[in-house]
Every structure is written in structure tokens, then in C-alpha cells.
Amino acid sequence: MTPYDPKTLEPKWQRRWEESGVFHAKQDRSLPKYFALIEFPYPSGYGLHAGHPRPYTGLDIIARKRRLQGYNVLFPIGWDAFGLPTENFAIKNHVHPADVTAANIAHFKSQAQSLGFSFDWSREVNTTDPAYYHWTQWIFLQMFRRGLAYKKDMPVNWCTSCKCVLANEEVVNGVCERCGSEVIQKNKSQWMLKITEYAQRLTDDLDELDFIERVKTQQRNWIGRSTGAQVTFQTTAGDDLEIYTTRPDTLFGATYMVMSPEHPLIEAWAGRLENLEEIRAYQREAAKKSDFERTEMNKNKTGVRLLGVQAVNPVNGEKIPIFLSDYVLISYGTGAIMAVPGHDERDWAFAQVYGLPIIEVVAGGDVTKAAFTDCATGVMVHSGFLTGLSVEDAKKKITGWLSEQGIGHEKVNFKLRDWVFARQRYWGEPVPIVHCPQCGMVALPESELPLTLPRVDQYEQTDDGESPLALLTDWVSTACPQCGGPAKRETDTMPQWAGSSWYFLRYCDPHNGQALASPEALDYWMPVDWYNGGMEHTTLHLLYSRFWHKFLYDIGAVPCPEPYQKRTSHGMILGEDGEKMSKSRGNVVDPDEIIRMYGADTLRLYEMFIGDFEKTAPWNSASIKGCRRFLERVWALQEAAARTQEKGIRPELEGEFHRTIRKVSLDTENLKHNTAIAALMSLLNVITESGGATREELRIFLLLLNPFAPHMTEELWELLSFGGRITDQRWPAYDEAKCAAQTAEILVQINGKGRAKLTLPAEISQEEALAAAKAEPKIAEALAGKTIRKELYVKGRLINLVV
RNA sequence: GCGGACGUGGCGGAACUGGCAGACGCGCUGGUCUUAGGAGCCAGUGGGCAACCGUGUGGGUUCGAGUCCCACCGUCCGCACCA
């Protein structure tokens with residue numbers, strides 16, 4: 001027997017697989033399809049770390065198993081290669097981002113290939129390839145034409161020292177991540193995508209999808225749908241003040257109003273406000289605060305009362321004061337609220353600071369001590385025609401009343417905001433728009449796509465925070481596609497989320513020059529059957545791509561309303577110290593090194609065996625060898641198999657085999673790869689104890705192990721001349737009837753304490769089992785002179801006699 | 001603060017609708033083979049001399065609780081004034 005040597009056999013099989021194209025999705029559309037998707041990586045300069053292979057291996061196992069089950073599998077990979085780290089690296093090292101990207105991709109690719117994933121490399125995509133971003137731009141243009149892409153003045157993070165716009169991720173604790181100086185909010189015209197138009201569908205359609213529950217919950221919370229009422233309050237200034245509330249039932253308890261500092265009515269009322277200076281000062285203070293500071297202020301409510309204007313509570317005509325406070329956000333609802341301190345915690349806290357009256361309108365708590373916010377049990381009090389009703393009934397009645405009066409109506413609101421879709425950066429997709437002094441913003445004709453990113457030598461932002469593209473006067477100056485007059489190109493680029501919002505579609509037909517993919521290909525492959533990725537992408541990438549897909553569905557570009565049928569998530573692999581792997585901590589595990597020491601199959605196996613796939617798990621370099629040992633022992637089985645004359649599965653092992661096939665089959669479907677591997681280890685122990693393996697036993701064992709350890713099972717398959725490639729075989733079937741054990745070991749308890757064990761036929765009846773138990777000497781002895789009060793029998797497990 | 005998840009040997013982790021807690025692996029102990037063993041193989045391995053005791057702590061339900069209920073402690077992850 002040759003020793004197990006992954007160093008030679010792994011590259012050999014990787015080469016053979018690629019040369020023969022076994023993992024290329026077949027053109028045969030008559031076969032059932034399976035589209036398994038991993039989140040395509042960002043090719044950073046550091047290469048893969050030990051965390052990357054976990055999700056890839058997890059789904060590679062599914063992809064390989066599906067092929068064995070006869071599916072035509074699409075398991076693709078590509079590169080999400082635009083973005084800031086590459087650009088920063090390029091600036092620092094004076095290399096072009098395109099060159100950095102090419103080098104990083106080459107490195108990532110060779111690493112990924114050395115792990116033996118069954119990716120279809122013929123469908124590799126790269127978001128920075130003009131042939132790819134052609135269609136990213138095309139989708140943007142479709143959105144622009146339909147009014148879903150628009151420009152708007154938006155506050156952005158502005159570093160006062162670097163003089164540049166920062167992404168939220170670059171603002172740490174209110175200061176610039178790089179230089180540590182103050183970050184303020186500055187208004188800038190930004191491209192926006194109207195994701196809010198799809199808010200309702202994005203939340204509703206989750207019901208039909210097979211996503212793990214925490215993903216659904218997180219998306220629902222992020223979209224933040226709430227139902228309430230919009231109510232008009234008259235004011236002594238004459239203008240009406242619109243508010244939104246989810247608790248219209250508490251209208252009788254509204255004792256003051258609060259407006260956001262940015263509320264436009266302040267300007268309208270400027271002439272009547274007696275303390276305008278004080279108000280202006282408060283507005284200035286609020287404007288200076290960063291988002292971080294505003295949220296830090298959480299507990300200490302601040303505000304200023306408007307002197308000279310009051311609001312009128314429509315239910316009782318009472319005049320109530322109006323305040324300005326930054327706990328009310330201009331971006332949500334109407335930017336103003338009615339304050340009900342008795343039944344809202346924030347209003348209660350504010351009322352404490354300003355000594356405002358608190359009226360109880362829902363009985364059940366003590367509003368002098370805390371706001372009573374329970375909607376389920378309370379009964380309305382001090383509320384005129386609502387008194388005596390439940391909160392739910394009161395909501396309906398008051399909303400109806402407000403409608404009759406013409407001063408309010410039911411209203412649905414979302415927390416979801418439109419998507420800021422522009423970066424003042426170089427390394428991104430150019431926005432295909434021209435600004436014409438005559439015609440305004442004009443879409444580039446589709447015939448001019450892709451609008452390629454010009455190659456420049458200077459990628460730093462300008463002093464006023466414009467994209468580096470703004471410096472390219474030759475490129476910027478163009479003719480208006482509409483009137484032909486002089487015009488300027490848009491110089492912002494798209495955010496990194498753009499290319500990843502539709503990449504799975506491109507995999508269906510990656511070389512298509514006429515469309516993002518052909519209708520036939522999309523019709524066959526979509527939707528993605530199983531998508532696994534990180535929880536950190538739940539509210540960004542996963543939501544964004546659902547939004548794009550729904551839009552494409554609406555314009556008839558894709559055949560299904562949702563892109564992903566099933567979504568699961570993996571846990572991170574931590575460093576040996578239990579901390580997140582990072583360069584600075586020095587706890588990064590390099591997969592190349594593990595492959596050199598143990599081989600790719602061992603690494604794959606270990607990453608799956610390390611623990612529950614969905615949970616984080618710390619790396620342990622001492623434990624890996626257990627997986628290598630397991631493979632060595634499997635390798636050694638070939639000798640036993642060569643010796644044996646027996647055919648088929650030995651009868652005494654039949655149950656064990658069928659149970660293992662069942663367990664591995666079911667566990668892998670639930671991403672319980674750890675227990676599937678444990679079952680294979682157990683089976684190997686049984687085989688070893690039995691003194692060897694028959695060829696048939698080994699054949700089945702190799703098939704079950706193949707998705708986990710593809711190289712060595714392929715090699716053994718060949719060495720043992722089972723015929724063909726293991727990759728082309730069929731997944732073993734199990735027989736439920738053969739899974740059942742013939743005998744069962746039954747625990748006999750007296751008063752819940754184990755007293756004896758009996759080995760009985762598995763299908764024995766309750767009477768027979770009880771009789772057998774009482775006949776057992778130890779039990780008979782213990783029962784002597786006692787009265788049995790209760791007899792319990794759990795089939796195949798235990799008997800409990802209560803005396 | 002709100003929401004969610006979790007807490008099991010020396011370690012990573014198993015445990016179906018409540019039914020022999022600790023599968024599987026690491027580590028450890030002893031043995032064997034060996035010039036050698038940080039390789040392999042064999043045996044053992046929750047604690048305790050024992051009866052017994054053991055799944056974060058304290059109660060409860062049940063013939064029976066890691067699993068269900070209540071309260072508390074701790075860890076991790078989201079969200080963070082969304083009216």
C-alpha cells in the first residue's frame with residue numbers, strides 16, 4: 001500500500017477535474033437543475049484566511065452531493081472586486097487598482113483551487129470587467145428611466161482634516177478612522193435608489209421564502225413597517241402641524257408636541273416666535289452634532305420650547321405647547337410628533353426634564369413612576385368617547401373619527417430609507433449619466449455602454465471631496481446625447497454593493513454580449529436554490545439584491561419575483577485565542593500552510609467537523625490531526641478490502657450502514673456536516689472493529705465521504721478499480737426498514753432510577769416487555785413486597801415502574 | 001435601553017416529539033511495538049473510596065427535565081431616540 005500523500009494526489013485530481021470539465025454545468029436542460037450559491041469573495045491583498053473555506057466547503061458538499069443525486073448543478077464563483085481597500089492599497093503603493101485587483105484575483109483563485117471546490121470555473125465573473133459592469137450600468141439606466149434613481153441633497157460624513165467624504169464604516173466613534181479628527185455632516189448631492197418603493201413587497205414576500213428565521217426577522221426589523229395614523233393639529237400660527245403616531249388611541253393624553261430641529265415650519269413661523277434666537281441656537285447645536293453624538297445623548301433629552309405658537313389638540317380643543325428636540329428625527333414620519341408622556345418612554349423622560357403634565361389615558365400602570373406602554377391589557381380612561389375601550393378598539397374608533405373630521409387617516413410607515421448610491425471614488429462603476437445645461441440629467445444611450453472607467457494615475461479625492469474622475473477634464477467634457485450640446489459626465493461612481501446586487505444572474509449566462517443573461521438561461525437556472533452567506537450581509541447585500549431582482553422582475557428582465565429560494569448562514573471561524581482573526585492580533589490561520597501540513601481534504605473535513613456550521617467556532621491547531629488520522633484510517637481500508645472475498649454488505653453491518661447513509665443524507669441537508677462526519681467516523685470504528693471491509697462496504701463509504709474529502713475518495717476509487725470517476729456515480733440509497741435495529745437495549749427503572757438493562761426484540765409489545773422486566777432477577781428482588789402504582793413503557797427505550 | 005441566541009467534561013462539541021447526559025474528535029493515563037517515539041496499535045478517561053452527585057444559579061411542572069415554565073446571573077450578536 002502506498003502511503004496517503006495528499007501533496008501529490010490532490011493537485012492531480014484538481015488538474016483532472018478542471019481538464020475534463022466535470023464540474024461545468026451541463027447544457028442539458030432536460031435534467032433537473034440545482035443552483036447552489038456562495039457569496040463571491042472580495043479579493044483582498046491578504047489572500048484567503050481560514051474563515052473563507054468554511055462556507056465554501058459547506059455548500060461544495062451540497063453541490064457535490066446534488067451531482068451524485070443526478071442534478072445538473074450550477075456552483076459558480078466570481079470576484080466582487082471594486083471597492084475601497086483595493087483603492088487605498090493602490091494609493092499607498094502607487095500601483096493601479098486594476099493591477100492590484102488582477103494580482104489579488106490570481107492569488108485567491110489559486111488558493112481556492114487548491115481546496116478542491118467543485119466550482120464551475122468556466123463561469124467565473126468579475127465585477128470590474130467592463131463586459132460585466134456593462135450590465136450593472138444597464139440596470140442603473142433602467143432604474144433611472146423609471147424614476148427609481150434620482151439625485152438628492154444628502155448629509156454625508158465629511159472629515160475636516162482629510163477633506164473627504166467618508167463611508168459610515170470609516171467613521172469610528174465620531175472621528176475619522178484614519179486621522180482621528182472630527183467628522184461633521186455636510187450636504188452633498190447624491191445618487192439615491194428608491195428602495196422604499198419596494199419596502200412593502202420586500203417585507204411581505206419574506207413569508208414565502210425558505211430563509212432561516214433570524215434573517216427574516218432582521219430584514220423585517222430593518223424595513224420596520226408600522227401601522228398608525230397621520231393626524232393634523234391646528235396651530236395658533238394658522239399652519240397645520242402634521243404628525244405620525246402608532247398610538248392614535250392616546251390622543252387625549254397628548255400634552256405637548258415635539259418637532260425635529262430641521263422641521264421646515266420653523267422658518268415659516270420665524271416672525272411669530274418670541275425666542276427665535278434661542279431656537280436658532282438649538283438648531284445650530286443639533287446640526288453640529290454627528291449621528292454618533294445624537295445617539296449618545298440618548299438618555300438626557302434636550303429641547304427648546306417655541307414661544308408664540310401653540311398647537312390645538314383636536315379631540316378637546318386644548319392649547320398645548322410645542323417644543324423642538326433632536327430626539328425627533330426629520331427623516332421619519334412627518335418630522336413631528338404628539339407627545340404622550342403617560343404612554344411613551346421618551347416623551348415621559350422629556351416631560352420629566354421640562355415639568356410637563358402627564359395624563360393617564362390607558363389604565364394599568366402608574367404614570368407618575370414610568371410610562372405605561374402595554375397595548376395588550378390596558379383599558380382607556382380619561383378619553384372622552386374612547387373611555388372604556390381596549391387599546392385596539394380605541395385605535396380603530398379614533399382613526400375612524402379622525403377620517404370623518406377630515407383631520408387624519410390610517411398610515412403605514414417604514415424605517416427603511418432610500419439607498420445612497422454614489423461614492424466620490426475612483427474604483428467603482430462609472431454612473432452612465434450626462435449633465436447637460438439644456439436638458440438636465442440625460443441617460444447615456446444603451447449603445448454607448450459599457451461606459452468604461454478611464455485609466456488614470458491619480459485616484460485620490462479632490463480637495464472638495466469630488467471623485468478623482470472630476471479631474472479628467474477630457475473625459476468629463478462630452479456631448480449631450482439628447483441635444484448634442486456641450487455637457488459633462490457624472491463623476492461619481494457606484495458603491496461596492498452595485499456589482500453584487502445581480503451577479504448570480506450573470507452566472508446563468510456569463511458570456512452573453514446582448515443581455516445580462518438570456519431569457520432561456522434565466523428561466524432554467526433561476527431562482528437560486530440555496531444561498532449561503534454571512535449574517536453581516538442580511539440588511540445590506542441580501543436586501544439590496546432582492547430589491548434589484550424585484551425591479552428586474554417588474555420590467556420583465558427576470559422570470560421570478562425573488563432571487564433566492566433558500567438562505568442559510570454560517571458562523572465565523574475565530575482565531576486560536578477565541579478572538580476574531582485579524583492581522584493586528586496576529587491570530588490569522590493561513591489555509592495554504594494547513595494544506596501543506598495536512599492536505600486540503602483534512603482542512604475541509606476539519607472546518608466542517610469543528611462545530612455547528614451556524615455558530616462561531618475557535619480554530620484549534622491541535623484538533624486538526626484527528627481529521628487527518630480519520631482519513632489515514634480510511635486509506636488503510638483498501639488493504640482489508642483487497643483481502644476479503646465477501647460480497648455485498650455483511651449482514652451484521654447492514655443496519656449500521658443504512659443508518660449511516662440515512663444520517664449523512666439528512667444531516668448534510670440541514671448543514672449539520674459536523675454530525676454527518678461523526679457518523680462516518682463511528683461507522684469506520686465499527687468497520688475496523690469488525691476486522692476489515694468488503695469492497696461493497698468500502699464503495700458505499702467512499703461515496704458518503706466523497707463530498708467532504710473529494711480528492712482522496714477519488715484516488716481510492718481509482719486504486720480499487722471501482723470504474724469511472726467517483727464524481728460520476730450515484731449517491732447511495734438507504735432502506736428505512738433496514739435502519740431499524742433488531743434488538744433494543746431497554747433500561748428498567750424503578751421510581752425513575754435505572755436498575756437493570758434488558759436486551760429485547762425491538763418490536764416487542766408493552767405487555768411482553770413489562771413481563772420480561774419483572775422476570776429479571778434484580779428487578780424482581782427490588783419489587784418484592786412493593787405495590788406497583790404505575791407502569792410506563794417507552795418503546796425501544798425504557799420501562800419505568802413506580803412503586 | 002430594546003430584541004434575539006446561547007450557557008453541557010481539561011478543550012471543540014453531541015443528545016429525535018421530555019426517556020441510559022457527555023456521541024464524535026482533541027487532550028490526558030496505562031500498555032504494546034520500537035535504538036527512539038512528538039508515528040501506529042490496544043485499553044481507559046465527568047466527579048467521588050463508596051452509596052451517590054453531576055448540563056450557569058434558585059424555584060416549579062412531571063413517573064422522568066440539558067430539553068418545558070418562572071425568577072436571577074453571565075456570554076455573544078443585532079438594533080440603537082423610527083413616535
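The values are calculated or read from the model by the stated rules, or taken from the named source; none is laboratory data. The structure presented is a predicted model; accordingly, all values stated were derived computationally and were not measured. Backbone-built Cβ (ideal geometry, glycine too); neighbour counts: all protein chains shown. Remember, those area values only see protein heavy atoms, side chains included, never the ligands or the DNA or RNA. Shrake-Rupley method; radii C 1.70, N 1.55, O 1.52, S 1.80 Å.
Any idea how far the Cα center of region A:297-370 sits from the one of region A:604-639, in Å?
Going from one Cα centre to the other spans 60 Å.
Please compute the per residue accessible area over chain A with all protein chains in place, 1.4 Å probe, rounded to a whole number of Å².
43
Fully extended, how many nm does the chain gain between A:Lys92 and A:Thr743 (0.36 nm per residue separation, minus their Cα-Cα distance)?
227.3 nm
Along the Cα→Cβ direction, 7 angstrom out, place labels at A:Leu276 and A:Thr616. What is the inter-label distance in nm?
5.5
From the Cα gyration tensor of chain A, with a ≥ b ≥ c the square roots of its eigenvalues, which class applies: rounded if a/c is under 1.5, or else prolate if a/b is larger than b/c, or else oblate?
It comes out oblate by the Cα gyration axes.
Near A:Lys7, which aspartates and glutamates are there with a Cα under 18 Å away, not counting those fewer than 8 places off in the same chain?
Cross-link targets: A:Glu18, A:Asp590, A:Asp592, A:Glu593, A:Asp601, A:Glu632, A:Glu714, A:Glu715, A:Glu718.
Taking the Cα centre as origin and putting +1 on Lys and Arg beta-carbons and -1 on Asp and Glu beta-carbons, what dipole magnitude results for region A:190-333, to the nearest 20 debye?
Taking the Cα centre of region A:190-333 as origin, the dipole is about 340 debye.
From the phi angles alone, apply the Karplus equation (6.51, -1.76, 1.60; θ = phi - 60°) to region A:478-489 and give each ³J(HN,Hα) in whole Hz, x where the residue is Gly or Pro.
The phi angles translate into 8, 9, 5, x, 8, 9, x, x, x, 8, 10, 6 Hz.
Relative to the longest principal Cα axis of chain A, at what angle does helix A:600-609 sit, 0 to 90 degrees, rounded to 10?
For A:600-609 against chain A, the angle is about 70 degrees.
With +1 on each Lys and Arg Cβ and -1 on each Asp and Glu Cβ, how big is the dipole of chain A about its Cα centre, in debye rounded to the nearest 20?
On the way: 90 positive and 103 negative charges, 302 e Å.
For chain A, the charge dipole is close to 1460 debye.
For region A:359-474, what class follows from the C-alpha gyration tensor (a ≥ b ≥ c being the square roots of its eigenvalues): rounded when a/c is under 1.5, otherwise prolate if a/b is larger than b/c, else oblate?
Prolate, since a/c reaches 1.5 and a/b exceeds b/c.
Once phi is turned into ³J(HN,Hα) by the Karplus curve 6.51 cos²θ - 1.76 cosθ + 1.60 with θ = phi - 60°, what whole-Hz value does each residue of region A:637-647 show in order, with x for glycine and proline?
4, 4, 5, 4, 5, 5, 6, 5, 9, 5, 10
With θ set to phi - 60° and the Karplus curve 6.51 cos²θ - 1.76 cosθ + 1.60, what are the ³J(HN,Hα) couplings of region A:325-332 in order, to the nearest whole Hz, using x for Gly and Pro?
8, 7, 7, 9, 9, 5, 7, 10
On a 0 to 90° scale, report how tilted helix A:84-93 is relative to the longest principal axis of chain A, with both axes built from alpha carbons and the result rounded to the nearest 10.
90
To the nearest 10 degrees, how steep is helix A:276-288 against the longest Cα principal axis of chain A, on a 0 to 90 scale?
Result, in degrees: 30.
For A:Trp79, which sequence-distant residues (separation of 5 or more, or a different chain) have an amide H within less than 5 Å of its own amide H, given hydrogens modelled in the peptide plane?
A:Val125, A:Asn126, A:Thr127
Need the list of lysines near A:Lys301 for cross-linking: C-alpha distance under 25 angstrom, and skip anything on the same chain fewer than eight residues off.
Answer for A:Lys301, where 25 Å is the Cα cut-off: A:Lys186, A:Lys288, A:Lys289, A:Lys319, A:Lys369, A:Lys415, listed by chain and number.
Using 7 Å Cα-to-Cβ label points, what is the A:Glu182/A:Ala363 separation (nm, one decimal)?
About 5.4 nm, to one decimal.
7 Å from Cα along Cα→Cβ at both A:Asp554 and A:Lys774: what's the point-to-point distance in nm?
Using points 7 Å along Cα→Cβ, the separation is 7.5 nm.
For region A:428-571, what % of the accessible area comes from carbon and sulfur atoms, probe 1.4 Å?
47
For a quick check: with amide H placed at 1.01 Å from N, whose amide H comes under 5 Å from A:Ser569's, ignoring anything fewer than 5 positions away on the same chain?
HN-HN under 5 Å from A:Ser569: A:Gly533.
Please report, in debye to the nearest 20, how large the charge dipole of region A:600-742 is about its Cα centre when each Lys and Arg carries +1 at its beta carbon and each Asp and Glu carries -1 there.
About 140 debye.
Of A:Lys319, A:Lys188, which has the most accessible area and how do the rest follow, probe 1.4 Å?
A:Lys319, A:Lys188
Any idea what the relative contact order of region A:450-520 is, in percent, if you count C-alpha pairs under 8 Å spaced at least 6 apart? Could you put the intermediate results ahead of the total?
Numbers: 52 pairs, mean separation 11.8, N = 71.
Reported as a whole number, the value is 17 percent.
Using a 1.4 angstrom probe on heavy atoms only, work out the carbon and sulfur share of the accessible area of region A:1-143 in %.
Of the solvent-accessible surface of region A:1-143, carbon and sulfur hold 57 percent.
With the cut-off at 1.5 for a/c, could you classify region A:722-803 from its C-alpha gyration tensor as rounded, prolate or oblate? Don't jump to the answer; show the numbers that get you there.
Values: a/c = 4.05, a/b = 3.86, b/c = 1.05.
Because a/c hits 1.5 or more and a/b exceeds b/c, region A:722-803 counts as prolate.
How high is the FRET efficiency between A:Lys795 and A:Glu576 when r is their beta carbon distance and R₀ equals 41 Å, given to the nearest 0.05?
In this case the efficiency is close to 0.35.
How many percent of the accessible area of region A:263-400 is carbon or sulfur, using a 1.4 Å probe?
The computed percentage sits at 54.
Going by amide H atoms built from the backbone, whose H comes under 5 Å of the H on A:Val558, apart from near neighbours?
Under 5 Å from the amide H of A:Val558 lie the amide H atoms of A:Tyr553, each far enough along the sequence or on another chain.
Using a Cα-Cα cut-off of under 26 Å, which lysines could be cross-linked to A:Lys753, ignoring same-chain neighbours fewer than 8 residues away?
Excluding near neighbours in sequence, the set is A:Lys774, A:Lys778, A:Lys786, A:Lys790, A:Lys795.
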